[in-house]
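What follows is a set of notes on a single structure, which appears directly below.
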Amino acid sequence: QVQLVESGGGLVQAGGSLRLSCAASGSTFSINAINAMGWYRQAPGKQRELVAVIRSGGSTNYADSVKGRFNISRDIAKNTVYLQMNSLKSEDTAVYYCNCNADLGFFGVRDYWGQGTQVTVSA
């Protein structure tokens, strides 16, 4: 119902920056039902963790490990969320997943996931 397409991952040196984007598409009904969009990441041998989220009202939350370095933003007209990652560290290496949460009313609350994009930070 909602498709999420991620881009912007890649290889970067420590201290560098990357900007991830996630574009949501689907029916107008589905797009209008989105409560929040965010980014998760999963490193090898570790649990998937929430990195950042932005809600429909504009409020944001960040994992402690990325506060002050990462910034999540949105372009409502383009149904797109961005994750600006600065001062990257080797421990930021992970597969990053875009997520959206949609409240479909009678049809329930659903989560949708992007395909994942690899971010690798080298020394």
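The values are calculated or read from the model by the stated rules, or taken from the named source; none is laboratory data. What you are looking at is a predicted structure, and each value in this text was computed from that prediction instead of being measured. Methodologically, a virtual Cβ is constructed for each residue, glycine included, from the backbone with ideal geometry; neighbour enumeration extends over all protein chains shown. Heavy atoms of the whole protein, side chains included, go into the accessibility calculation; ligands, DNA and RNA do not. Shrake-Rupley method; radii C 1.70, N 1.55, O 1.52, S 1.80 Å.
For the range 90-106, how many residues meet the condition of being within 16 Å of residue 123 (Cα to Cα) and touching a strand residue (DSSP E or B) at 6+ places or on another chain (Cβ under 6 Å)?
Residues meeting the conditions: 4.
Does residue 22 count as in contact with a Phe, Trp or Tyr (Cβ under 6 Å, 6 or more places away or on another chain), hydrophobic (A, V, I, L, M, F, W, C) and under 22 Å from residue 1 (Cβ atoms)?
Criteria not met by residue 22.
Exactly one of (1) in a strand (DSSP E or B); (2) more than 21 Å from residue 8 (Cβ to Cβ); (3) among the aromatic types (Phe, Trp, Tyr) is unmet by residue 112. Its number?
Checking residue 112 against (1) in a strand (DSSP E or B); (2) more than 21 Å from residue 8 (Cβ to Cβ); (3) among the aromatic types (Phe, Trp, Tyr), the one that fails is (2).
Scanning for something within 20 Å of residue 2 (Cβ to Cβ), of a type in the set (Phe, Trp, Tyr), in contact with a Leu (Cβ under 8 Å, 6 or more places away or on another chain) and at pLDDT 95 or above, does the range 112-119 turn up at least one residue?
Yes, the conditions are met somewhere in the range 112-119.
In the range 96-111, what count of residues is obtained for those that are of a type in the set (A, V, I, L, M) and open to solvent by 40 Å² or more (accessible area, probe 1.4 Å)?
1
How many of the residues making up the range 29-52 are in contact (Cβ under 8 Å) with a residue 24 or more places away in the chain and either assigned to a strand (DSSP E or B) or among the acidic types (Asp, Glu) (or both)?
11
Working only within the range 13-60, note down all residues that are more than 16 Å from residue 115 (Cα to Cα), open to solvent by 30 Å² or more (accessible area, probe 1.4 Å) and either in contact with a His (Cβ under 6 Å, 6 or more places away or on another chain) or polar (S, T, N, Q) (or both).
13, 17, 27, 28, 32, 35, 47, 56, 59, 60
If residue 78 meets every condition in (1) open to solvent by 60 Å² or more (accessible area, probe 1.4 Å); (2) at pLDDT 95 or above; (3) within 22 Å of residue 35 (Cβ to Cβ) apart from one, which number is that one?
The failed condition is (2).
Considering the range 83-95 alone, what residues qualify as being surrounded by fewer than 20 Cβ atoms within 10 Å (Cβ to Cβ) and either of a type in the set (Asp, Glu) or in a strand (DSSP E or B) (or both)? Before the answer, list the steps.
Start the filter on the range 83-95 by keeping residues that are surrounded by fewer than 20 Cβ atoms within 10 Å (Cβ to Cβ), which leaves 84, 86-87, 89-91, 93, 95.
Residues satisfying the conditions are 84, 91, 95.
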